[in-house]
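Beneath this line is the structure, given in structure tokens, with notes to follow.
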Amino acid sequence: MDDVDENGTRLHGLVLRVCTWWAILGGLVLLAVVGVNVASIIRAAVFGKTVPGDFELTELGVAIAAFSFLPYCQIAGLNVSADIFTARASQFWLSLLSLLSALIAFGFGGLLLWRMYLGMLDKQTYNEITHVLSVPTWYGFLGTLPSLALLAVAAAATVQNELSKMARGKP
């Protein structure tokens, strides 16, 4: 049984599917944030009062949603790049740059996961809550940690995929 298909390794394909669904879930969170904001605007126009805590819910939801898109961008190769510098590069150099960027993403994901986890523990220890709704602020951290773990997994899968491509001499 071959561990590689024409689009990459089986691990890469599996992680791509998981990251795709995770990003869709993040998109649904973002849609909920939009719904809260629309409701708040309508309520303000009709009754003169906004939805209580709309800013707090927006901050929480947007943070969770934004982090949920990071793994998909990594595994799908959709991070921002400066093509002007790589337009004339050989396939070997493009693969090498992709490998290096995946290693950096892996380190970045791991570092952020570690520090965000410690930050969440601090917020729990000091019982920090939001002003209007009294939502514990560590909930936002809890919502981002799985995305950071998935980012590290996506970066590791990208590293493995790029090494596989380089070993096979394929672009």
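Worth a mention:
- Taking residues in segment 95-112 that are touching a residue at least 60 places away in the same chain (Cβ under 8 Å), and partners anywhere that are open to solvent by 50 Å² or more (accessible area, probe 1.4 Å) and assigned to a helix (DSSP H, G or I), the pairs with Cβ atoms closer than 7 Å and at least 6 places apart or on different chains are S95/M166; L99/L163.
- Top-ranked residue of segment 133-148 - restricted to ones that are open to solvent by 40 Å² or more (accessible area, probe 1.4 Å) and in a helix (DSSP H, G or I), ranked as nearest to W21 (Cα to Cα): P146
- Count of segment 147-171 residues which are touching a residue at least 12 places away in the same chain (Cβ under 8 Å) and either more than 21 Å from A76 (Cβ to Cβ) or under 16 Å from the mean Cα position of the chain (by Cα) (or both): 12
- Only one of the listed residues (L70, L121, L112) is out of contact with any Ser or Thr (no Cβ under 9 Å at 6 or more places or on another chain) and closer than 24 Å to G26 by Cα. That residue is L121.
- Exactly one residue out of I104, I84 is open to solvent by 80 Å² or more (accessible area, probe 1.4 Å), at pLDDT below 95 and either touching a strand residue (DSSP E or B) at 6+ places or on another chain (Cβ under 8 Å) or part of a helix (DSSP H, G or I) (or both), and it is I84.
Residue-by-condition table, conditions (1) part of a helix (DSSP H, G or I); (2) modelled with pLDDT under 95; (3) open to solvent by less than 60 Å² (accessible area, probe 1.4 Å):
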position: L25; (1), (2), (3): yes, no, no
position: G35; (1), (2), (3): yes, no, yes
position: V38; (1), (2), (3): yes, no, no
position: A63; (1), (2), (3): yes, no, yes
position: C73; (1), (2), (3): yes, no, yes
position: L78; (1), (2), (3): no, yes, no
position: R88; (1), (2), (3): no, yes, no
position: S95; (1), (2), (3): yes, yes, yes
position: S98; (1), (2), (3): yes, yes, yes
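- Taken together, F92, F47 contain a single residue that is more than 22 Å from A155 (Cα to Cα) and more than 15 Å from the chain's Cα centre (by Cα), which is F47.
The values are calculated or read from the model by the stated rules, or taken from the named source; none is laboratory data. Nothing here was measured: the structure is a model prediction, and the numbers come from that model. No Cβ is skipped: glycine too gets one built from the backbone with ideal geometry, and neighbour counts run over all protein chains shown. For the accessible areas, the whole protein counts, side chains as well, though only heavy atoms, and no ligand, DNA or RNA atoms are used. Shrake-Rupley method; radii C 1.70, N 1.55, O 1.52, S 1.80 Å.
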